[in-house]
Amino acid sequence: MTPKPMTLTQKILASHAIGLTRPWVEPGDILQVRVDWTIASELAWNGMDRTYTALGRPGVHDKDRFFLAVDHTVDPVTLATDKRAQKLTQLSREFAKEAGITHFYDANVTILHTKFYRDLVQPGEIVLGADSHTSSHGGMGAFAIGLGGADITAAMVLGTSWIEVPDAIEVVYAGEPAFGIGGKDIILRTLGDLGRNTVAMERTVEYRGDAVRKFTTDTRFTIANMTAEFGGLNGIFEPDAQVAAWLSRRKSHNAGALWFRSDEGAPYVARYPIDLSRIEPLVAKPFSPDNVATAREHAGTALQGAFIGACTTTEEELVLSALVLEQVLKDQAPVASEKRIVVPGDLTIQRRLQERGLWAIYEKAGFRVSVPGCSMCLGVASEKAGKGETWLSSQNRNFPNRMGEGSLAWLASGPTVAASAVSMKIADPRPYLAKIDRARYAALLQRDGAGAAIEVRASDLKLDVVPAHAAATGGAPDQPWSVRGQVQVFPDNIDTDAIIPGEFCHLTKLEELGEKCFHFVRPGFAAVVRAGGTVIVAGEGWGSGSSREQAVWALQGAGIRLVIAKSYAFIHKRNLVNEALPFLVVKDPAFHAAAVEGVELEANINTGEIRLTATGKVFHAERLTPIVRSMLRERGLVPAIQRHGARVFERLAAGK
């Protein structure tokens, strides 16, 4: 049997698949895969502990391969005064001790993705994380995706998971960006040109082209990180000499890389070229990362706050931002403000910038240097933007209320934030970037003594292929399963921050989460559900953004019985499956025109037939895949594991 060409992602999945029946994989295949790493934060572990307890606290498959960092809700103030943060931190500490895991990082030591990228992940690995920005690690050539906590708990315990092979697109970068144009401006340009939750939705995004060969690993990390905002399942770069050079600097976790390459003729469903030679510093205006404009166009816009930090902001950006500030301070004195904050991604970065005198520059410019953590990006620790405040931030999301209730978040690169922070007005950083000594910049990043390029040879693909076998039979048949209720209508791109704001994600009781569902954007939502509005009908991109499974729990706690949408964010859809909250996909414009607020409908989950009870008009949803129907029939992931044990994904895929 002659193998078919495969993309980079397909090769990684194929190399980890258990029991392939042919020497290749293709979109739509359901695979059981070996998982190299699972990663999570204390905020995710709060829900994961619930799943782990339901499974009987069975132990961890490999204590060296679960990474847990306390970063989302903590800073010195919350650790001292906030009972929620104290509870989440203690829960993580207790589990780490109980399970004896190697990679536990206590409060404010690191941001989850920063240390994992810098010290541990290798090309060709499969990484599953209970955080949507797990996509970051595709910058190192790994298949890395965010999933809900139940999925991560299962993989942590079993060492395996399941995946439906996604379609893939290629974004092809050409041209050389100007000095100071890094990963943030490149991914903002990509979002601005191609749109959020559009061409990338639920797909692999493979970043290719001549330009990427000069991208540093920090640049790749940022682009892969914000593939989550792009709507992609994962973002990935082919590992090359840049990655090999980074691995060579490590003391460990540098010898297991798989250097796969996409095949000639690989099945990309679309190709999107982007010219980097004309990119200038960009901003993303509220309330979407693809609401992109140039910093030049908005120069002079007044700011109430400036933030440089979060997982998307690398050491490279922190160093460059300090050098921009140094130049700005030659011409300007900082205006009075206590709302300038900078956060390093890891204590090692903090020490390096301290040793090189860069924190002193930030402090001279009026910045307060805080500890590693998510900080302003999530707005659930002590640092929050106030109502009506406009902040320029190097974080990755600018959804409504993201930095605090009523806040207005503008996104930009670290250098653009730095250029704007002294005057507290948006400014184009290019005049200051032009004055920076590039040799000094390279020396600060320890790139001035670079040796000869490391030669990288493509790895051979080794597959677990078994003889073809007859399709499994004898599984339990689908049973009639109908849901009836009144419709609540929502528009496109409803994100999980809207469904359940981050400040309530410490809750685990369904009824408590239900009362906070759509707390800011649709007050009284739960009361409408209690009055019969138990069916949600939405547009494209339902459930985009964070991986938080609390979004599904909140819907269940409020009493929602069915979600119907034109499309779903991948992670949220998996969470709906894992928690057995029925969902259907309907793209038919006639259905969405007819299913207005308050209309009653009845839906058969197994057949996908939907009937409007008042008119008798019938519409049809897309048929759910067999493994999804099996999971719903089992009433969710935990009951399925309790019934089938370690063979759960094999049996679900077989319809048993």
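The values are calculated or read from the model by the stated rules, or taken from the named source; none is laboratory data. Please read all numbers here as calculations on a predicted model, not as lab measurements. Heads up, the Cβs are rebuilt from the backbone with ideal geometry, glycines too, and the neighbour counts pull from every protein chain shown.
General remarks:
- Check on residue 408, touching a strand residue (DSSP E or B) at 6+ places or on another chain (Cβ under 7 Å), over 30 Å from residue 444 (Cα atoms) and not small (Gly, Ala, Ser): yes
- Checked against (1) modelled with pLDDT of 95 or more; (2) buried (at least 17 other Cβ atoms within 10 Å of the Cβ); (3) in a loop (DSSP other than H, G, I, E, B); (4) not charged (D, E, K, R), residue 493 meets all criteria but (1).
- Any hit, segment 171-181, residues being of a type in the set (Val, Ile, Thr), in a strand (DSSP E or B) and surrounded by 24 or more Cβ atoms within 10 Å (Cβ to Cβ): yes
- Given (1) surrounded by fewer than 16 Cβ atoms within 10 Å (Cβ to Cβ); (2) in a helix (DSSP H, G or I); (3) acidic (Asp, Glu), index of the condition residue 317 fails: (1)
- So residue 118, is it among the basic types (Lys, Arg), modelled with pLDDT of 95 or more and either under 29 Å from residue 565 (Cβ atoms) or buried (at least 24 other Cβ atoms within 10 Å of the Cβ) (or both): no
Here is a yes/no grid of residues against (1) under 17 Å from residue 153 (Cα atoms); (2) buried (at least 23 other Cβ atoms within 10 Å of the Cβ); (3) small (Gly, Ala, Ser):
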| site | (1), (2), (3) |
| --- | --- |
| 49 | yes, no, no |
| 61 | yes, no, no |
| 71 | no, yes, no |
| 77 | no, no, no |
| 92 | yes, yes, yes |
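- Just one residue in the set 31, 13 is assigned to a strand (DSSP E or B) and touching a residue at least 24 places away in the same chain (Cβ under 8 Å); that residue is 31.
- Entirely in segment 504-605, the strands (runs of 3 or more DSSP E) that have 2 or more residues that are acidic (Asp, Glu) and modelled with pLDDT of 95 or more: 600-604
- Residue ID - modelled with the highest pLDDT, chosen from residues in segment 606-656 that are among the acidic types (Asp, Glu) and closer than 30 Å to residue 53 by Cβ: 634
- Failed criterion for residue 249 (all others in (1) within 24 Å of residue 116 (Cβ to Cβ); (2) modelled with pLDDT under 95; (3) crowded, with 23+ Cβ neighbours inside 10 Å hold): (3)
- Scanning segment 252-271 for residues that are buried (at least 20 other Cβ atoms within 10 Å of the Cβ) and within 25 Å of residue 65 (Cβ to Cβ) yields 257, 258, 260.
- Of all the criteria given as (1) of a type outside the set (Val, Ile, Thr); (2) outside any helix (DSSP H, G or I); (3) in contact (Cβ under 8 Å) with a residue 60 or more places away in the chain, the one not satisfied by residue 50 is (2).
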